[in-house]
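Please read the structure below before turning to the comments.
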Amino acid sequence: MAKAKQIYVCTSCGQVYSKWQGKCDACKEWNTIEEQQPEPVRKTGGARSKGSIPTKRLIDVESSTSARIITGISEFNRVMGGGIVKDSLTIITARPGAGKSTLLLQVAQDVANQGMNVLYASGEESDSQIKNRAERILESIHPNIWIHSDVSMNRVLDLIEEVEADLIIIDSIQTFIMEEYNSRPGSPVQTMECANALLQVAKNGTKPRAIIIVGQMTKDDEIAGVRALEHLVDAVLIIEGESGEELRGVIASKNRFGSTGEAAFFAMTERGMEPIENPSEYFMTMREKNEQVSGSALTVVKVQGLLL
């Protein structure tokens with residue numbers, strides 16, 4: 001086994017350097033370049049990989065339509081392209097307090113009600129914190145929901161098999177680590193290796209699973225970490241809306257299984273995220289018949305990616 005060379009990675013954009021420097025040439029940020037321990041380089045020697053997947057002619061590949069998990073949350077189904085694809089990896093991001101965890105708990109409850117097992121793994125909150133939120137927004141907690149509070153992705157991968165999870169929720173990907181890599185949580189190496197491990201689970205041909213991961217958002221309203229994370233996943237959902245306001249909008253900036261032109265609307269209430277199935281009625285001021293209001297007009301305004 002050849003000795004691995006030391007590398008330096010920008011924690012802001014993921015740019016790799018052979019030596020340390022104060023400013024990243026790619027994203028122009030200062031003091032974001034950190035030393036990383038790369039995976040040892042293995043000599044292949046031209047040997048063939050045993051058990052590798054055989055190459056097929058494209059014409060011989062069987063066509064299939066990805067099965068979906070249709071939830072009872074109509075707005076969520078629509079922005080996902082018709083439901084959660086069973087062999088997909090989705091990332092959802094938003095500012096703190098926008099309702100990521102709340103919405104995903106509601107999705108977990110709905111999927112569990114359909115007889116499927118759900119694993120909710122959190123590296124940010126304790127079991128009791130998750131339970132308190134669930135008791136506040138759910139009428140009852142389904143026994144098919146399993147929770148695990150730890151930062152070890154290795155343990156999460158084991159638990160997926162143990163509970164035979166059909167849906168896995170990871171909150172958030174930047175807090176988890178693969179124990180074989182010597183770098184801190186949230187570093188480009190850890191984030192991508194954890195995401196790659198989850199991708200292999202989702203795309204398993206024998207037992208495909210749906211996985212939704214939460215991604216932290218930066219002050220520039222972008223997913224924290226490397227850009228490669230967005231390219232890796234099948235769908236990227238963004239929750240928009242201020243924490244002090246009721247309205248929430250969910251848009252898909254990427255969706256391999258549906259349109260990116262859809263937008264879902266929710267109202268944040270004490271009972272969680274309630275779908276707004278008739279946005280026109282929600283946004284329009286309802287007045288009595290024949291009531292005249294001076295200076296009143298209806299228009300369409302696009303604000304921060306939402307069409308209102």
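The values are calculated or read from the model by the stated rules, or taken from the named source; none is laboratory data. On a predicted model such as this, the values are computed, not experimentally measured, just so you know. Methodologically, a virtual Cβ is constructed for each residue, glycine included, from the backbone with ideal geometry; neighbour enumeration extends over all protein chains shown. The protein model used for the area step is the full one, side chains on, heavy atoms only, and it has no ligands, DNA or RNA in it. Shrake-Rupley method; radii C 1.70, N 1.55, O 1.52, S 1.80 Å.
I'm trying to understand the selection: among the residues of the range 270-296, which are open to solvent by 60 Å² or more (accessible area, probe 1.4 Å), at positive phi and either at pLDDT 90 or above or among the aromatic types (Phe, Trp, Tyr) (or both)?
The answer is none; no residue qualifies.
Taking Asp127 and the conditions (1) surrounded by 15 or more Cβ atoms within 10 Å (Cβ to Cβ); (2) closer than 19 Å to Gly99 by Cα; (3) not hydroxyl-bearing (Ser, Thr, Tyr), which numbered condition does it fall short on, given that it satisfies the others?
(1)
This table checks each residue for (1) surrounded by 20 or more Cβ atoms within 10 Å (Cβ to Cβ); (2) in a loop (DSSP other than H, G, I, E, B); (3) under 15 Å from the mean Cα position of the chain (by Cα); (4) among the charged types (D, E, K, R).
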| residue | (1), (2), (3), (4) |
| --- | --- |
| Glu179 | no, yes, no, yes |
| Asn182 | no, yes, no, no |
| Ala197 | no, no, yes, no |
| Ile212 | yes, no, yes, no |
| His231 | no, no, yes, no |
| Val250 | yes, no, yes, no |
| Ser253 | no, no, yes, no |
| Thr260 | no, yes, no, no |
| Met268 | yes, no, no, no |
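Which condition does Ile91 not pass, out of (1) part of a loop (DSSP other than H, G, I, E, B); (2) surrounded by 21 or more Cβ atoms within 10 Å (Cβ to Cβ), if it passes all the others?
(1)
Does Gly244 satisfy the criteria of being open to solvent by 50 Å² or more (accessible area, probe 1.4 Å) and either part of a loop (DSSP other than H, G, I, E, B) or closer than 27 Å to Asn117 by Cα (or both)?
When the stated conditions are applied, Gly244 passes them.
Within the range 184-193, is even one residue open to solvent by 10 Å² or more (accessible area, probe 1.4 Å) and assigned to a strand (DSSP E or B)? Spell out how you get there, then give the answer.
Just the residues of the range 184-193 that are open to solvent by 10 Å² or more (accessible area, probe 1.4 Å), to begin with: 184-186, 188-189, 192-193.
Narrowing further to those that are assigned to a strand (DSSP E or B): none.
No, there is no match, as no residue in the range 184-193 is open to solvent by 10 Å² or more (accessible area, probe 1.4 Å) and assigned to a strand (DSSP E or B).
Could you check the range 150-174 and list, in sequence order, the residues that are assigned to a helix (DSSP H, G or I) and either open to solvent by less than 10 Å² (accessible area, probe 1.4 Å) or at pLDDT below 95 (or both)? Spell out the reasoning first.
So the first thing to find is which residues in the range 150-174 are assigned to a helix (DSSP H, G or I), and the list is 153-162, 173-174.
Passing the criteria: Met153, Val156, Ile160, Ile173, Gln174.
Can you tell me which residues in the range 112-149 are within 14 Å of Leu167 (Cα to Cα) and assigned to a helix (DSSP H, G or I)?
Selection gives Ala112, Asn113.
Determine which single condition Gly82 fails, assuming it passes every other condition in (1) open to solvent by 20 Å² or more (accessible area, probe 1.4 Å); (2) of a type in the set (Gly, Ala, Ser); (3) touching a helix residue (DSSP H, G or I) at 6+ places or on another chain (Cβ under 6 Å).
Only one criterion in (1) open to solvent by 20 Å² or more (accessible area, probe 1.4 Å); (2) of a type in the set (Gly, Ala, Ser); (3) touching a helix residue (DSSP H, G or I) at 6+ places or on another chain (Cβ under 6 Å) is unmet by Gly82, namely (3).
What single numbered condition from (1) farther than 29 Å from Cys24 by Cα; (2) at pLDDT 85 or above; (3) β-branched (Val, Ile, Thr) fails to hold for Thr299?
(2)
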